[in-house]
């Protein structure tokens, strides 16, 4: 199949998707974005904790 035929085929497939199909796809992507956002926030929090510990170590303020 040549490039034009593939493009037309892909466009036709997209156009024939129902509104329900699109809503399901959007909901799935929103869920993935939410999960990734939470994971990124956990990493940011961990980095902040490590940075604070590093600061404490460099200032000699680490207590056990």
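Annotations
- Taking 0.36 nm per residue of separation and subtracting the current Cα-Cα distance, fully stretching the chain between residue 23 and residue 58 would add 7.4 nm.
- Using a Förster distance of 30 Å, the FRET efficiency for residue 50-residue 30 (Cβ separation, nearest 0.05): 0.45
- Every Cα-Cα pair in the stretch 19-64 was counted, and those over 14 Å apart are 67% of them.
We did not get these values from a lab; they are worked out from the coordinates using the rules stated. These numbers come from a predicted model, not from an experiment. Note that each Cβ is placed from the backbone with ideal geometry, even for glycine, and that neighbours are counted across all protein chains shown.
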